[in-house]
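Report on one structure; see the data block that follows.
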Amino acid sequence: MDDWLDDFGCDNMARSVENWFDKWAKEYDEYLPHFPVYQKIIKIVGDNANIEDGAKVLDVGIGTGNFSFSVFAKVPCDIVGVDVSSEMMKIAKKKACDIGANVSFLNSSADAMEVENDFDFAVSAFALHHLREDGKLSAFRRIHSALKDGGRFVLADVTIGIDGDVGCEKRLKHILERWGYEAQYALKYIGPDAVSIALGGLKGVYYRDGEYVETPQKLKSMLEEAGFKIVKCEVPDENIGYHVFVCDKR
Ligand SMILES: C[S@@+](CC[C@H](N)C(=O)[O-])C[C@H]1O[C@@H](n2cnc3c(N)ncnc32)[C@H](O)[C@@H]1O
């Protein structure tokens, strides 16, 4: 098993996430982007991204750029990608060069990012569940103030059906079922090697105090508290527990 799968138990949550993605970076594109549900989410975001040529787009947790480049490559826009992992962004930078996308990068955590306030559209896919509740709220507020009036934010992230900390037996059972489903999903759509990644993800969730995965209701109220109006919420696959919130700046 690769060493990045064993990188848990780090006291510092932010450093643990950064290390995990720095080490995973080279293999990341062999996993999530192969999930049919990920492709569905790309379509949902594309359908709800009311952007025009020259729009300014913020991608929070841009990773290797897969998501942003799939959605926005067709529309010439200026993308700013924010991420804690410099290794993930290194891959995104290379891809941006290869496809001629106009992207600038900021190595920062979403809850502390300093960006301009002239964005037309913002997206964050599978990134913000790594932050604690106060961190998420701070990230949502920063995204809100980065958007122009009438700007739109689409949040796609992992959710969980039950609130509580990792010691809550009912929630833990739910986490085990959810990641068990993801492991089987990975086996079906990618192959045996991908199962270890899903199990590595489960370890992350367990050891990082439940990974702070929220219920959809909690995410919704945090988005509203940050000043967003939720115009749509889609669930592309009930079992895997992903939610997509389409929100407009109030
Ligand atoms: C699962 S990847 C998703 C990447 C990309 N959005 C995609 O859909 O392919 C999550 C990314 O979020 C980044 N990330 C995690 N916590 C973050 C935080 N607090 N602030 C910014 N980026 C973060 C990770 O480094 C990683 O690149």
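Miscellaneous remarks
- Distant-in-sequence amide contacts of E30, defined by a placed amide H-H separation under 5 Å and a gap of 5 or more residues or a different chain, comprise nothing.
- Of the cross-linked pairs K90/K148; K40/K218; K148/K229, those separated by over 20 Å at the C-alpha level are K90/K148; K40/K218.
- Crossing angle, helix 192-207 versus the chain [Cα axis fit, 0-90 degrees, rounded to tens]: 90 degrees
- Inter-centroid distance (Cα atoms) of the stretch 148-224 relative to the stretch 82-147, Å: 20 Å
- Taking amide H as placed 1.01 Å from N in the peptide plane, V80 has its amide H under 5 Å from the amide H of V57, L58, D59, S104, each at least 5 places away in sequence or on another chain.
- Axis angle, to the nearest 10 degrees, between helix 216-225 and the longest C-alpha principal axis of the chain: 40 degrees.
- Across the stretch 66-73, rounded Karplus estimates of 3J(HN,Hα) from the backbone phi angles (6.51 cos²θ - 1.76 cosθ + 1.60, θ = phi - 60°) give 3, 5, 4, 5, 5, 7, 9, 4 Hz, Gly and Pro being marked x.
- Relative contact order %, the chain, counting alpha carbon pairs below 8 Å whose residues are six or more apart: 20 percent
- To the nearest ten degrees, helix 86-99 and the longest principal axis of the Cα atoms of the chain are 50 degrees apart.
- Of the GluC sites (Glu not before Pro) found in the stretch 89-193, those in coil by DSSP whose Cβ has at most 12 other Cβ atoms within 10 Å are E114, E116.
- Lys/Arg +1, Asp/Glu -1 at C-beta; the chain dipole; positive extreme among I160, L199, S104: I160
- Sparse packing (at most 10 other Cβ atoms within 10 Å of the Cβ) combined with a DSSP loop state is found for the following trypsin sites (Lys or Arg not before Pro) in the stretch 23-82: K74.
- ³J(HN,Hα) computed for each position of the stretch 121-135 - Karplus, 6.51 cos²θ - 1.76 cosθ + 1.60, integer Hz, glycine/proline x: 8, 9, 9, 9, 10, 6, 10, 6, 5, 6, 9, 5, 4, 5, x
- Each Lys and Arg contributes +1 and each Asp and Glu -1, all at the Cβ; summed about the Cα centre of the chain, the dipole is approximately 480 debye.
Every number here is computed from the coordinates shown, using simple stated rules; none is lab data. Small disclaimer: the values here were computed from a predicted structure and weren't measured. Note that we place each Cβ from the backbone using ideal geometry, even for glycine, and neighbour counts take in every protein chain shown.
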